1. For segment 128-161, which positions are in a strand (DSSP E or B) and buried (at least 20 other Cβ atoms within 10 Å of the Cβ)?
2. What is the number of the single condition among (1) touching a Phe, Trp or Tyr at 6+ places or on another chain (Cβ under 7 Å); (2) part of a strand (DSSP E or B) that Leu200 does not meet?
3. Is at least one residue of segment 80-93 under 16 Å from the mean Cα position of the chain (by Cα), over 24 Å from Leu150 (Cβ atoms) and hydrophobic (A, V, I, L, M, F, W, C)?
4. Looking at segment 145-158, which of its residues are under 19 Å from Leu128 (Cα atoms) and modelled with pLDDT under 90?
5. Does Glu169 meet the test of being assigned to a strand (DSSP E or B) and at pLDDT 95 or above?
6. Can you name every residue in segment 170-211 that is of a type in the set (Gly, Ala, Ser) and surrounded by 17 or more Cβ atoms within 10 Å (Cβ to Cβ)?
7. Report, ordered by the first and then the second residue, all pairs with beta carbons closer than 7 Å, sequence separation of six or more or different chains, a first member in segment 52-65 that is more than 12 Å from Leu200 (Cα to Cα), and a second member that is surrounded by fewer than 14 Cβ atoms within 10 Å (Cβ to Cβ).
8. From the set of residues in segment 164-201 that are among the acidic types (Asp, Glu) and under 21 Å from Leu108 (Cα atoms), which is farthest from the chain's Cα centre (by Cα)?
Amino acid sequence: MKKIFLPLFLVGIFFCPYAQTAKQLIITPGVGIGALKLGMSEQEAASLLQGELNWLDYKDEMCSFAGQVNEVDTVVQFVAGFDSCAKYNNDLSRVMPVYSLYFKNHRLNYITVTTYGAGEDLVKTVVLDNGVKFYDAMPACMEKFGNDYLPIIWEGYDGDHIYYEKGMEVTYDAGRLTVVGIFPPMKNFRQLMAEHSSRLRAEFAECKEAAKEE
């Protein structure tokens, strides 16, 4: 599985036109999921999610991708930039199915919401603000999400679609929606990819070389 999603296998209302219950967790692209919002501090996010988070700095997170992904300059988190990353290595949060959080200048700028390692009852509470839910079929999702996305193809998966103007990244496994990334909308995402490509590839090459020496 691509980039940050590979380790997941190891982890064992207002203004919404769709009916919802008090227990539902609404994903709003470019904003957040439920009470977890982009722009929160590390302390605010960790306190809200609870559980045991593992904290990594930029270099450690970059090197954790070695052997998992080839085109690091297409990874939203690295293109957008971050200073620290927090992940659940064992049990995910019992509050919401969030796997990882990325912070830049001490403000949350990327959230990974996942079905992997999360309890099915919790996964079922998640719904996007347009009514799409986890495990919905890819054609149905694309009909609602639209065609304005950057496609990233990874071996073994149907695809990764980056809706950079909406602030959303989605991944399909066996034709079903399994992961949603949330980040601030970036209309200039393609430009940023080009600007940072050489640097990111060089940093990633160093990580790969270091991994070979271990």
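The values are calculated or read from the model by the stated rules, or taken from the named source; none is laboratory data. Remember, it's a predicted structure, so these values are computed and weren't measured experimentally. As a convention, Cβ positions derive from the backbone with ideal geometry for all residues, glycine included, and neighbour counts pool all protein chains shown.
1. Residues satisfying the conditions are Leu128, Asp160, His161.
2. (2)
3. Scanning segment 80-93 turns up at least one residue that is under 16 Å from the mean Cα position of the chain (by Cα), over 24 Å from Leu150 (Cβ atoms) and hydrophobic (A, V, I, L, M, F, W, C).
4. Answer for segment 145-158, where residues must be under 19 Å from Leu128 (Cα atoms) and modelled with pLDDT under 90: there is none.
5. Judged against the criteria, Glu169 is a match.
6. At the first step, the residues of segment 170-211 found to be of a type in the set (Gly, Ala, Ser) are 174-175, 181, 194, 197-198, 202, 205, 210-211.
Once the filter is applied, which keeps residues that are of a type in the set (Gly, Ala, Ser) and surrounded by 17 or more Cβ atoms within 10 Å (Cβ to Cβ), segment 170-211 yields only Gly181.
7. Glu52/Asn90; Asn54/Asn89
8. Selected residue: Glu165.
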